[in-house]
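The next block holds one structure in the form of structure tokens; read it before the comments.
Computed from the coordinates by the stated procedures, all read-outs in this text should not be read as laboratory data. All values reported here derive from a predicted model rather than from experimental measurement. Cβ placement follows ideal geometry from the backbone for every residue including glycine, while neighbour counts extend to all protein chains displayed.
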Amino acid sequence: MEIERDGKRERVNVEGVFVFIGFKPVGRYLFKEHIDHDKNGYLITDQFMRTSIPGVYAAGDTRAQLAKQITTAVGDATTAVLHAERYIEELKDIERTFPAEPKEVAAETASKAELVTFAPGDIVLKEGDAADRFYMIIKGEADVTQSGPDGAPVVINRFGAGDYFGEIGLLNDAPRKATVRARTPLEVMALDRETFARLMKSSQATEDEVRRVAAERSRAPTPR
């Protein structure tokens, strides 16, 4: 192989060549005014390849990372695809459950949701605990219980796919009024207090509906 060094050409005997094109990302101008970049022009992502725009992912050498190799790019792409697919499903669930939500709020909510799974018998939330999350069931069923006069749990409700719970404690800033336990393998989408509050504030129709459901559940007879 011939190379040029200090203005002179010379021949170097090698067994292989690794071509390196430099450190300036081709995509440094991509969505420059919208997606967050670092000082070198690389797209900033989290561990799930999510950029600063909900639903937009980046993979490979265009994102900020240490290694610039095919193997890392392939890994990035796999992670991005899996989480993008999950994001789309969560977005569909939110839009189906809260159809009055603005599109941008639904997208932001889906991007901040945490997917949590529970085995049969696992407790999702416990009566008397502080309220810190709102839950939407994606798959499975859960039993709702309250303590009876003798202290034994009594089933007062059952939730399935499409149902939500945890709103009463958040709306009233009060401890949990019941225990929710997975009846079957359970998959839920969890929103923290701040994301739930944003969801309520962005649509009066959504807030009215959630408060209506919470009021009905609060009026339900307690175990005696």
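Exposed loop sites were defined as GluC sites (Glu not before Pro) in DSSP loop states (anything but H, G, I, E or B) carrying at most 10 other C-beta atoms within 10 Å; in the chain the longest segment without such a site runs 34-224.
Once the chymotrypsin sites (Phe, Trp or Tyr not before Pro) in DSSP loops with at most 14 neighbouring Cβ atoms within 10 Å are cut out of the chain, the longest remaining piece is 49-224. Take the alpha-carbon positions of the chain, form their convex hull, and give its projected area averaged over all directions (one quarter of the hull surface) in nm². Convex hull of Cα atoms, orientation-averaged projection: 17.8 nm². Debye-formula intensities of segment 2-88, expressed as log10 I(q)/I(0) at q = 0.12, 0.14 Å⁻¹, are -0.48, -0.59 (one equal scatterer per alpha-carbon, no solvent).
Give me the log10 of I(q) over I(0) for segment 108-224 at q = 0.09, 0.13 Å⁻¹, as the Debye formula computes it from C-alpha points; what are the numbers? Results for segment 108-224 at q = 0.09, 0.13 Å⁻¹ read -0.23, -0.48. Mean residue ellipticity, 222 nm, helices only, the chain: the sum of -39500 (n - 2.57) across DSSP H runs of n ≥ 4, divided by residue count and rounded to 500, is -10000 deg cm²/dmol. Among the listed pairs Lys39/Lys139; Lys24/Lys201; Lys139/Lys201; Lys32/Lys139, which are separated by more than 31 Å between their Cα atoms? From Lys39/Lys139; Lys24/Lys201; Lys139/Lys201; Lys32/Lys139, over 31 Å: Lys39/Lys139; Lys24/Lys201; Lys32/Lys139.
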